Amino acid sequence: MTDTDMLHMAPAPTKCPVAHHDKQAAAAHGPGYGLMRVSQVARDYPSHSALASVLEWMRAFLARSHPELGRKGAVCPFVPVALEQDSIWMAEIAEREPTLDSISRVILYYRDLFLATEPTSGPDAINKAFLVIFPNLGAEGAGVVDEVQQLLKKDFVEKGLMLGEFHASNESPGLRNAEFRPLRSPIPMLAMRHMVDSDLPFLLRAAYAAPVRAAYLRAYLFRLAGSLGWARFEQALDGVVAAEIEQWQAGQGQPDAAGAGETA
């Protein structure tokens, strides 16, 4: 998750209006396949349940400041208002032995569900977030969650969405403090939401191979160019150019600009 301004979202039914449109998929993954708002989790689930545990973690960690964060405000500025507006949906996947394949199918199902659930456009659409929780993942669950996120992120970004991976051993650093670990959660999960302009640093990361980085940035510009300020637009465009040059240099067997400077 990342910085985003939240606008008021009109009350909606407790159950997702299209949560059960795929009855076959729902039957395959157990009774927890449907979505519910955080208000329903708070009301209906005991404190020891997986969903309630994640909700408490959101309230106690994501929605609050942290001394290691490196800036003022909540760890995720989106969460306090999203909790207040009841715009976070949660689902617990009851599958006993989830695999890379089965989790990928579930996340793609929820991707389509996310895109079909109102609001689908306009300013209120950025209020939505889906958290898909996998309490039955074993010791290797963190690796599977990471693999699914890496496998599906490009598809999500191309559709104007972000997919975040959360688990207890997540090593992704904070943007302002490399020692901080904002994506560590008590239970493995994947979270999805609409892309916003402040996601640019997450798409510019040098850890991504140049072709992947270029694809992310093109999707970012395609989806958000009309609403971007000049500084972010220029930064994203510069990132595309840099990634293209990096790809060309790799194809020509030439060192990159930093390597050339060090050699000289």
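Only one of these is farther than 21 Å from PRO80 by Cβ and out of contact with any helix residue (DSSP H, G or I) (no Cβ under 6 Å at 6 or more places or on another chain): GLU147, GLU179, GLU165, GLU158. Name it. Give the derivation first.
Working: GLU147 fails: out of contact with any helix residue (DSSP H, G or I) (no Cβ under 6 Å at 6 or more places or on another chain); GLU165 fails: out of contact with any helix residue (DSSP H, G or I) (no Cβ under 6 Å at 6 or more places or on another chain); GLU158 fails: out of contact with any helix residue (DSSP H, G or I) (no Cβ under 6 Å at 6 or more places or on another chain).
Result: GLU179 is the single residue among GLU147, GLU179, GLU165, GLU158 that is farther than 21 Å from PRO80 by Cβ and out of contact with any helix residue (DSSP H, G or I) (no Cβ under 6 Å at 6 or more places or on another chain).
Surrounded by 14 or more Cβ atoms within 10 Å (Cβ to Cβ), among the basic types (Lys, Arg) and either within 18 Å of ALA191 (Cα to Cα) or modelled with pLDDT of 50 or more (or both), is that true of ARG43?
no
Within segment 167-180, can one find any residue that is under 26 Å from LEU115 (Cα atoms) and of a type in the set (A, V, I, L, M)?
no
What about GLU92, is it farther than 18 Å from HIS194 by Cα and surrounded by 17 or more Cβ atoms within 10 Å (Cβ to Cβ)?
Against the criterion (farther than 18 Å from HIS194 by Cα and surrounded by 17 or more Cβ atoms within 10 Å (Cβ to Cβ)), GLU92 qualifies.
For segment 46-79, which residues satisfy the criterion of being under 16 Å from the mean Cα position of the chain (by Cα) and under 15 Å from ARG181 (Cβ atoms)?
Within segment 46-79, LEU62, VAL75, CYS76 qualify.
Those residues that are of a type in the set (A, V, I, L, M, F, W, C) and more than 21 Å from LEU217 (Cα to Cα), I need them from segment 141-159; list them, please.
Once the filter is applied, which keeps residues that are of a type in the set (A, V, I, L, M, F, W, C) and more than 21 Å from LEU217 (Cα to Cα), segment 141-159 yields ALA142, VAL144, VAL145.
In segment 111-135, which residues are under 17 Å from ALA91 (Cβ atoms) and buried (at least 17 other Cβ atoms within 10 Å of the Cβ)? Break it down into steps so the answer makes sense when it comes.
Taking segment 111-135 and keeping what is under 17 Å from ALA91 (Cβ atoms), we get 111-117, 128-135.
ARG111, LEU113, PHE114, THR117, LYS128, ALA129, PHE130, LEU131, VAL132, ILE133, PHE134, PRO135, listed by residue number.
Identify, please: which residue in segment 80-117 is of a type outside the set (S, T, N, Q), under 23 Å from ARG43 (Cα atoms) and not in a helix (DSSP H, G or I) and is, among those, farthest from the chain's Cα centre (by Cα)?
If we take residues in segment 80-117 being of a type outside the set (S, T, N, Q), under 23 Å from ARG43 (Cα atoms) and not in a helix (DSSP H, G or I), then ALA94 is farthest from the chain's Cα centre (by Cα).
Looking at segment 103-110, is at least one residue within 18 Å of LEU163 (Cβ to Cβ) and in contact with an Asp or Glu (Cβ under 7 Å, 6 or more places away or on another chain)?
Pass one, segment 103-110, residues within 18 Å of LEU163 (Cβ to Cβ): 103-110.
Subset that is in contact with an Asp or Glu (Cβ under 7 Å, 6 or more places away or on another chain): 109.
Scanning segment 103-110 turns up at least one residue that is within 18 Å of LEU163 (Cβ to Cβ) and in contact with an Asp or Glu (Cβ under 7 Å, 6 or more places away or on another chain).
Out of curiosity, is PRO173 under 16 Å from the mean Cα position of the chain (by Cα), assigned to a loop (DSSP other than H, G, I, E, B) and without any contact (Cβ under 8 Å) to a residue 24 or more places away in the chain?
Spelling it out, PRO173 is indeed under 16 Å from the mean Cα position of the chain (by Cα), assigned to a loop (DSSP other than H, G, I, E, B) and without any contact (Cβ under 8 Å) to a residue 24 or more places away in the chain.
Rundown of residues vs (1) open to solvent by less than 20 Å² (accessible area, probe 1.4 Å); (2) touching a Leu at 6+ places or on another chain (Cβ under 9 Å); (3) closer than 18 Å to VAL148 by Cα, yes/no style:
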| residue | (1), (2), (3) |
| --- | --- |
| GLY164 | yes, yes, yes |
| SER169 | no, no, yes |
| ASN177 | no, yes, no |
| PRO188 | no, yes, yes |
| ARG205 | no, no, no |
| GLY226 | no, no, no |
| GLY229 | no, no, no |
| PHE233 | no, yes, no |
| LEU237 | no, yes, no |
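The values are calculated or read from the model by the stated rules, or taken from the named source; none is laboratory data. On a predicted model such as this, the values are computed, not experimentally measured, just so you know. We place every Cβ from the backbone using ideal geometry, glycine too, and count neighbours over all the protein chains shown. The accessibility values were calculated without ligands, DNA or RNA, using every heavy atom of the protein model including side chains. Shrake-Rupley method; radii C 1.70, N 1.55, O 1.52, S 1.80 Å.
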